[in-house]
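Student: My structure is below; once you've seen it, I'll send some questions.
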Amino acid sequence: MALWMFWIYSFLGYLLEKVFAKVTCAKQQGRKGFLLLPLCPVYGLGMLAVLALPPEARRGAWLVVWGALAATAVEYAVHWAYDTALGVRFWDYSGTFGNLRGRVCLPFTAAWGVLTALAVQWVQPEVERLARRVPPEVTLLCFAVFAADALCSVRVLRRTGDAEALRCDRWNMGKAL
């Protein structure tokens, strides 16, 4: 079930990124994660971290505080891993107030707190219901596709060192792989 929660929140994060880019008229509306699939793993991992918090930390206003801290810690770790292991940066908060090495910043930490509280209270019950209904065969097939995507994406990023190489409109399979 945790795998489906990861995938669902990664997909919801992908949609949120697209809406945010459109609403803010962002210059760069490209990939925010290392997968070709429409998933942003940082959201899935962030929510799994929040859901792993002790029950006391997931109640009332504490959920906003601990959710913000847990998700921000995951965001920092994921950014560090992308930067260190793959040599790419999918986001950079260097020009944003209260940033830490461009990996995290105070405004998005606050946003994480609100988003995680809303997700735990309103979205999570539906995500759990949906995840419980998926047959094991479907999970296995989806895992195979996910693993193939991750392997291809890592190979492309290691070869090119360019996050934009994962954009479908700029991706030349022969050159990238």
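Read-outs: derived from the displayed coordinates by stated rules, not from any lab. Nothing here was measured: the structure is a model prediction, and the numbers come from that model. Cβ atoms come from the backbone with ideal geometry, glycine included; neighbour counts cover every protein chain shown.
Student: Once you compute Rg and the Kirkwood Rh from C-alpha atoms, what is the Rg to Rh ratio for the chain?
Tutor: Rg divided by Rh gives 0.97.
Student: Continuing with the same structure: Where does each of 131-139, 108-116 land if you order them by average Cβ count within 10 Å, highest first?
Tutor: Highest mean packing first, the order is 108-116, 131-139.
Student: Measuring from centroid to centroid over Cα atoms, what is the spacing of the range 1-23 and the range 83-127 in Å?
Tutor: Result: 12 Å between the Cα centres.
Student: What distance in nm separates the two pseudo spin-label positions at Phe11 and Arg132, each 7 Å out from Cα along the beta-carbon direction?
Tutor: For Phe11 paired with Arg132, the spin-label model returns 1.9 nm.
Student: When the chain is fully extended, how far beyond the present Cα-Cα distance does Phe143 get from Arg101, taking 0.36 nm per residue of separation?
Tutor: Separation in residues times 0.36 nm, less the Cα-Cα distance, equals 11.8 nm.
Student: I've got another one for you. Label the range 115-165 by shape, choosing from rounded, prolate and oblate, from the square roots a ≥ b ≥ c of the eigenvalues of the Cα gyration tensor; if a/c is under 1.5 it is rounded, and otherwise prolate applies when a/b is larger than b/c, oblate when it is not.
Tutor: Since a/c reaches 1.5 but b/c is at least a/b, the shape of the range 115-165 is classed as oblate.
Student: Sticking with this one: Using the per-residue mean of other Cβ atoms lying within 10 Å as a proxy for protection, in what order, highest first, do the peptides 56-69, 142-155 fall?
Tutor: Output ranking for 56-69, 142-155: 56-69, 142-155.
Student: Run the numbers on the chain and let me know its relative contact order in percent, using alpha-carbon pairs under 8 Å that are six or more apart.
Tutor: Value for the chain: 25 percent.
Student: Note down the magnitude of the dipole of the chain about its Cα centre, charges +1 on Lys and Arg C-beta and -1 on Asp and Glu C-beta and zero elsewhere, to the nearest 20 debye.
Tutor: Computed charge dipole of the chain: roughly 300 debye.
Student: Then there's this: Would you work out if the range 35-93 is rounded, prolate or oblate? Take a ≥ b ≥ c from the square roots of the eigenvalues of the alpha-carbon gyration tensor; rounded if a/c is under 1.5, else prolate when a/b is larger than b/c, oblate otherwise.
Tutor: prolate
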